[in-house]
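Written out below as structure tokens is the structure these notes cover.
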Amino acid sequence: MKSLKELYKIGRGPSSSHTMGPEKAAKLFQEHTPQAEAYKVVLFGSLAQTGKGHGTDTVLKKTFSKPVQIVFDAATPVPHPNTMDIYAFADSGDSLAFWRVFSVGGGAIEVEGEQSVLSPDIYPHRSFAEIKDYCESNAIGLYDYVLKYEGESIVAHFAEVWKYMQEAIEKGLSKSGVLPGGLNTERKAKILYSPETIQECPQTRENRLVCAYAFAVAEQNADGGTVVTAPTCGACGIMPAVLRYQQQKHGFCDEDIFRALAAAGVVGNLVKTNASISGAECGCQAECGTACSMAAAAVAELHRLDLSQIEYAAEVAMEHNLGLTCDPVDGLVQIPCIERNAVTAMRALNAVELATFLTPSHKVSFDTVVDTMYQTGKDLNALYRETSEGGLAKAFFKKKSAK
């Protein structure tokens, strides 16, 4: 598995696979072809179908320093739903270079035939079972496991990640108005955080605050603000919401949060390595489902639950997101994405509560549910994998057209 620095990335929304990935590809390709005078990018699959709504063409035009032609090709079959072909041309018009790039989720890319652009693996284990056995054999937890293979530099990265997560919450809570894109989606985080009516029971207050924090970050993402992929931009509100609320409620220090980020990172890394965190490849179960598992593992670590309980919390969180579709209305990361961040954040807390009491009786391993999620994603009809051709996206379009 790769470094957690590759999982937790800091960048601008609204989509890690549709904006951060293509941006990274464009930067690397330009470095590879400094003599080029013009470029052409052909977007396929989900990049072609929802690239306009996600701002793929906009970020590519901003990234390339020379003229670039962008072509949307939603018809040609490709090996990965987020595929892009990049061409470099000399001033004479002659072709200089070509890359086929796959944006695999969370801002990560793979370049066909170009292993040199990939970061190296630093973890020797590829399953939770292997990691658990190693940790128990060496009497260490997930935080010490991460430190062993990442080194102390990962702590500074966690500090940076936590800083930007909190900033996204604060900025999101302070803003009101309508999000860009044409759906007239109103920001709601500020309303949730400071409602006119404040008489509520403790459980209602918890739900409201967790949702407010998740809305705040997800709305910042939808507005092109700076967020942390955890594991993606589309699911970026879940981890910050539960960590912020847990810190406020229980007084956890930032060092505790770093431990939680490590545990969550291991879980997210396993999904990224053995399945997918791409909505275009496996639906929203791969994005919000993975974020839910990460958040559950993080909270379990905060409360010093053991490895079996952390595994069960992460497994429950993923299991009850299986089959979750990715059907963004108009290709925007707004409906149902923003509300989904809030609902999934609350589900993560529920998963930890179950794990606290029921771990000895659990039957399904985390590794099994990850494999199941991946197969389920492959079985999902393409209409429900970030193409905006089915589900809510189709129903919303029909309703709008009928008016």
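With a 10 Å radius around each residue's Cβ, average the other Cβ atoms per peptide and rank 298-308, 33-43, highest first. Intermediate values should be presented prior to the final figure.
Details: 298-308: 21.1, 33-43: 18.0.
Answer by packing, highest mean first, reads 298-308, 33-43.
Run the numbers on segment 98-138 and let me know its relative contact order in percent, using alpha-carbon pairs under 8 Å that are six or more apart.
Relative contact order for segment 98-138 comes out at 21 percent.
Give a residue-ordered list of calculated ³J(HN,Hα) values for segment 379-384 (Karplus: 6.51 cos²θ - 1.76 cosθ + 1.60, θ = phi - 60°; whole Hz; x for Gly, Pro).
7, 4, 4, 4, 4, 10
Counting other Cβ atoms within 10 Å, which GluC sites (Glu not before Pro) in segment 239-288 have at most 11 and lie in a DSSP loop?
Sparse-neighbourhood loop GluC sites (Glu not before Pro): none present.
Where does each of 24-32, 212-220, 170-178 land if you order them by average Cβ count within 10 Å, highest first?
On the way: 24-32: 18.4, 212-220: 30.9, 170-178: 15.6.
Ranking, from highest mean packing down: 212-220, 24-32, 170-178.
With both bridge residues required to lie in the chain, what share of the DSSP beta bridges run antiparallel, to the nearest 5%?
75 percent
Angle, helix 128-137 long axis vs. longest principal axis of the chain, Cα atoms, 0 to 90°, nearest 10?
Tilt of helix 128-137: around 50 degrees.
In terms of the Cα gyration tensor, with a ≥ b ≥ c the square roots of its eigenvalues, is segment 324-403 rounded because a/c is under 1.5, prolate because a/b exceeds b/c, or oblate?
The shape class here is oblate.
As I understand it, the value is the acute angle between the Cα axis of helix 202-222 and the longest principal axis of the Cα atoms of the chain; what does it come to in degrees, rounded to 10?
The helix 202-222 is inclined about 20 degrees to the chain.
State in Å² the accessible area per residue of the chain; use a 1.4 Å probe, count heavy atoms of protein chains only, and round to the nearest integer. If you can, show how the numbers build up before the last one.
Details: 16410 Å² over 403 residues.
Normalised by residue count, the accessible surface of the chain is 41 Å².
Suppose only helical runs count, i.e. DSSP H with n ≥ 4. What mean residue ellipticity at 222 nm does that imply for the chain under -39500 (n - 2.57) per run, divided by all residues and rounded to the nearest 500 deg cm²/dmol?
Value at 222 nm, helices only: -16500 deg cm²/dmol.
Might you work out the accessible area of Met346 for me, using a 1.4 Å probe with all protein chains in place, and round it to the nearest 10 Å²?
Its heavy atoms expose roughly 50 Å² to the probe.
Find the relative contact order for segment 1-101 and round it to a whole percent, using C-alpha pairs within less than 8 Å whose residues are 6+ positions apart.
Rounded, it is 32 percent for segment 1-101.
How about the chain: what cysteines have no other cysteine beta carbon under 4.7 Å from their own?
Cys135, Cys201, Cys211, Cys233, Cys236, Cys253, Cys282, Cys288, Cys292, Cys337
Measuring from centroid to centroid over Cα atoms, what is the spacing of segment 359-380 and segment 61-114 in Å?
Taking the Cα centre of segment 61-114 as reference, the centre of segment 359-380 is 34 Å away.
State which entries of Lys5/Lys132; Lys52/Lys272; Lys24/Lys249; Lys9/Lys188; Lys190/Lys249; Lys52/Lys171 exceed 30 angstrom in Cα-Cα distance in the structure shown.
Table pairs above 30 Å Cα-Cα are Lys24/Lys249.
Against the longest principal axis of the chain, how steep is helix 288-302, in degrees 0 to 90 to the nearest 10, with axes from Cα atoms?
Approximately 40 degrees, to the nearest ten.
In terms of Cα to Cα distance under 18 Å, which aspartates and glutamates are near enough to Lys61, apart from those fewer than 8 places away along the same chain?
Here the aspartates and glutamates satisfying the reach criterion relative to Lys61 are Glu23, Glu31, Glu37, Asp73, Asp85.
According to the square roots a ≥ b ≥ c of the eigenvalues of the Cα gyration tensor, what is the shape class of segment 163-205, taking rounded for a/c under 1.5, prolate for a/b larger than b/c otherwise, and oblate for the remainder?
Judged from the Cα gyration tensor, segment 163-205 comes out oblate (a/c at least 1.5, b/c at or above a/b).
The values are calculated or read from the model by the stated rules, or taken from the named source; none is laboratory data. Everything numeric here is computed off the predicted structure, so don't read it as measured data. Heads up, the Cβs are rebuilt from the backbone with ideal geometry, glycines too, and the neighbour counts pull from every protein chain shown. Ligands, DNA and RNA are stripped out before the accessible areas are found, and what is left, the full protein with its side chains, is counted by its heavy atoms. Shrake-Rupley method; radii C 1.70, N 1.55, O 1.52, S 1.80 Å.
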